[in-house]
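All remarks here apply to the structure that follows.
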Amino acid sequence: MKIISTIDELRDQLRGQLRTAFVPTMGNLHEGHLSLMRLARRHGDPVVASIFVNRLQFGPNEDFDKYPRTFEADAEKLEKEGVYVLFAPTEKDLYPEPQEYRVQPPDDLGGTLEGEFRPAMFPGVCTVVTKLFSCVQPRVAVFGKKDYQQLMIIRNMARQFAMPTEVIGAETVRAADGLALSSRNGYLDAAERAEAPALYRTLQDVAERVRASHPGLPALEREAMAHLSARGWQPDYVSIRKRADLKPPTREEYAAGAGLLVLAAARLGATRLIDNLEIER
């Protein structure tokens, strides 16, 4: 595996490659990330991974400085997965001058759910992904469904800008107790880790009640948030949305069987966790 930090060297290394598959990450890799590498390999060759903790997507009071950085262990895992190039730029490599041009997603998709509570996130994500796509020029790029809203925003962005990159969504990888794998799980202490699967169980309960044709979706959302609060969580949202556009379903759309999912974000102690579940009806 070649470890490359500069854009010019990356372009030289990949010149002439027409089937590159790309997986961007912020490092601190776990089995969820490695599953993305395997999916990428099925859709293209060579596989390029990146590790870059993107300051632009963190708000002023978020965890940029303490975000776990485990580069040597990450590189070892990627080499074992057969990754061809690890692109690991410094901030000066990727942003050699202030990044004054930004990519802003539409408010109806980027300003809701995560965008409401983390307003810097999606402009930062769209900007860095656009820049990484420009550097790597991948034929396909793989993102996890755990960040469902992010996946949808990036897929729509690539389509609207006519980027020559197919954006593929990978299923969420979970621990045996149901907790979605996440780098931020490492912030949890032992008691919090034991409680953390309750978020996924709450989503399962909501999904089951939707499948049972519960007519009051806002009431379900409120009840789920109250349940989490009673267990000591601080929920930002539990929300039932349409898979097609992440807008709340109308009564008519719900009755017509529109594809739905339930998304949630909540703090457990000092750690903010997100998860989602597609609802099969």
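Computed values, structure above
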| read-out | value |
| --- | --- |
| Total residues in the range 268-281, condition open to solvent by 20 Å² or more (accessible area, probe 1.4 Å) and within 17 Å of the chain's Cα centre (by Cα) | 4 |
| Single unsatisfied condition, Leu151 versus (1) in contact (Cβ under 8 Å) with a residue 24 or more places away in the chain; (2) under 16 Å from the mean Cα position of the chain (by Cα) | (1) |
| Failed criterion for Thr20 (all others in (1) hydroxyl-bearing (Ser, Thr, Tyr); (2) more than 30 Å from Leu188 (Cα to Cα); (3) surrounded by fewer than 21 Cβ atoms within 10 Å (Cβ to Cβ) hold) | (3) |
| Condition met for Glu76 (open to solvent by 10 Å² or more (accessible area, probe 1.4 Å), charged (D, E, K, R), under 15 Å from the mean Cα position of the chain (by Cα) and modelled with pLDDT of 95 or more) | no |
| Flag if Glu100 is more than 18 Å from the chain's Cα centre (by Cα), open to solvent by 40 Å² or more (accessible area, probe 1.4 Å) and over 20 Å from Leu181 (Cα atoms) | yes |
| Members of the range 251-262 found to be touching a strand residue (DSSP E or B) at 6+ places or on another chain (Cβ under 9 Å) and open to solvent by 10 Å² or more (accessible area, probe 1.4 Å), listed by number | Glu253, Tyr254, Ala258, Gly259 |
| Scope the range 157-181; condition in contact with a strand residue (DSSP E or B) (Cβ under 7 Å, 6 or more places away or on another chain) and open to solvent by less than 70 Å² (accessible area, probe 1.4 Å); matching residues | Ala158, Thr165, Val167, Ile168, Gly169, Ala170, Thr172, Arg174, Ala180, Leu181 |
| Among residues of the range 103-135, those that are small (Gly, Ala, Ser) and touching a residue at least 40 places away in the same chain (Cβ under 8 Å), counted | 3 |
| Matching residues in the range 202-216 - criterion: being open to solvent by 70 Å² or more (accessible area, probe 1.4 Å) and either within 25 Å of the chain's Cα centre (by Cα) or closer than 17 Å to Ile274 by Cβ (or both) | Gln204, Asp205, Glu208 |
| Odd one out for Asp93 among (1) under 22 Å from Ile51 (Cβ atoms); (2) not in a helix (DSSP H, G or I) | (2) |
| The range 208-234: number of residues that are in a helix (DSSP H, G or I), among the basic types (Lys, Arg) and in contact (Cβ under 8 Å) with a residue 12 or more places away in the chain | 1 |
| Test: residue in the range 1-16 that is assigned to a strand (DSSP E or B) and open to solvent by 70 Å² or more (accessible area, probe 1.4 Å) | yes |
| Restricting the range 217-250 to residues that are open to solvent by less than 20 Å² (accessible area, probe 1.4 Å) and not hydroxyl-bearing (Ser, Thr, Tyr), the residue that is farthest from Glu195 (Cα to Cα) | Leu246 |
| The one condition in (1) assigned to a helix (DSSP H, G or I); (2) among the β-branched types (Val, Ile, Thr); (3) farther than 28 Å from Leu199 by Cα that Val103 fails to fulfil | (1) |
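For every residue, the table says whether it meets (1) among the aromatic types (Phe, Trp, Tyr); (2) in contact with an Asp or Glu (Cβ under 9 Å, 6 or more places away or on another chain); (3) assigned to a helix (DSSP H, G or I).
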{"position": "Phe22", "(1), (2), (3)": "yes, no, no"}
{"position": "Gly27", "(1), (2), (3)": "no, yes, no"}
{"position": "Leu36", "(1), (2), (3)": "no, no, yes"}
{"position": "Arg42", "(1), (2), (3)": "no, no, yes"}
{"position": "Val48", "(1), (2), (3)": "no, no, no"}
{"position": "Asn61", "(1), (2), (3)": "no, no, no"}
{"position": "Phe64", "(1), (2), (3)": "yes, no, no"}
{"position": "Pro68", "(1), (2), (3)": "no, no, no"}
{"position": "Glu72", "(1), (2), (3)": "no, no, yes"}
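The values are calculated or read from the model by the stated rules, or taken from the named source; none is laboratory data. Because the structure is predicted, anything quoted here is derived from the model rather than measured. Cβ: placed from backbone, ideal geometry, glycine included. Neighbour counts: every protein chain shown. The accessibility values were calculated without ligands, DNA or RNA, using every heavy atom of the protein model including side chains. Shrake-Rupley method; radii C 1.70, N 1.55, O 1.52, S 1.80 Å.
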